[in-house]
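What follows is a short report on a single structure.
Rule-based calculations on the coordinates, nothing more; no lab input. For clarity, every value in this text was computed on a predicted model and none was experimentally measured. Here the Cβ positions follow ideal geometry from the backbone for every residue, glycine too, while neighbour counts run over all protein chains shown.
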Amino acid sequence: MTTASADGLRRLIHASPTMTSRVYRLHSTLELPLEDAYDFFEDPDLPPEIADIDITRRNNTLIVSAVAKDDSMSKYTPTAQLKASVTENRVYEEDPDEMGPPGAASTGSSGGGPQWGALEEEEEEIESELVEYACFKGDRETVLQNTALQYAMFEVLCEVAKVAEKGTLTAIAAVDEELEAVRIVDGEERPAAINVAEEPRDGEEEEGVNWRDNEFIS
């Protein structure tokens, strides 16, 4: 469930007489191997407003920018972009938690006598490798930046969420003057609804009982 304040939703709905598709609330914890991210962006199914995708890596940051199909858009207009941090995670061929303690060797016999051959066996190391991951983590301003083609790039991010190994993408978007909730968890779309919560009014907290400094409470 995606939560927004009642006042916030009113501002979204009445922001302009003709509301275009926009993203107003977004939070992402998506992770996927960097190689898989590159593979995805080689031939993505792009929205009609986007002609192509530019990918740039700056140190440990991956920037995925939209190239507008509309030629009338100024080349100086910054188009929407997705931003991900690149981190290294150690990946094991087998789960270390499911294996015995290092050096533990099976005796290979049910007898009670010592198995001298087993003591001479070399300790087996768990095979592992360092894998780079693209992590689309944060709120809208961190993960999805710039206004031009914003919703179209959000649709691209939703497709990334469907191929991500793990993580959650939640959002509130306005599409054709209707608010929609989006929730994708570990690559699967989940039911989502908008939960409207009233914000506390000014002075409400002052009118309440101060339980920490009350002469009637010992």
In order over region 26-42: 3J(HN,Hα) from phi, Karplus 6.51/-1.76/1.60, θ = phi - 60°, whole Hz, x for each Gly or Pro, gives 8, 9, 9, 10, 6, 9, 8, x, 4, 4, 5, 5, 4, 4, 5, 7, 5
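Round to the nearest 0.05 the FRET efficiency obtained for residue 180 and residue 45 when R0 = 22 Å and r is the Cβ-Cβ distance. Mind showing how you got there, number by number?
Details: r = 20 Å, r/R0 = 0.89.
With a Förster radius of 22 Å, E is 0.65.
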Summed residue charge, Cβ within 14 Å of residue 26's Cβ, Lys/Arg positive, Asp/Glu negative:
+2
Counting only other residues whose beta carbon sits under 14 Å from that of residue 184, what net charge do I get with K and R as +1, D and E as -1?
-4
Calculated FRET value between residue 61 and residue 125, using beta carbons and R₀ = 30 Å, to 0.05:
0.35
Gain upon complete extension [residue 146, residue 90; 0.36 nm per residue less C-alpha separation]:
16.8 nm
By the scheme Lys and Arg +1, Asp and Glu -1, what is the net charge of all other residues having a beta-carbon under 13 Å from that of residue 67?
-3
Which ³J(HN,Hα) values, rounded to whole Hz and listed in residue order, are derived for region 134-150 from phi using the Karplus coefficients 6.51, -1.76 and 1.60 in 6.51 cos²θ - 1.76 cosθ + 1.60 with θ = phi - 60°, glycine and proline given as x?
8, 10, 8, 10, x, 8, 4, 5, 8, 8, 10, 10, 6, 8, 5, 6, 4
Proximal lysines to residue 166, defined as alpha-carbon separation beneath 29 angstrom and excluding residues fewer than eight positions away on the same chain
83, 137
Give me the distance in nm between label points sitting 7 Å out from Cα along the Cα-to-Cβ direction at residue 38 and residue 194, one decimal.
4.0
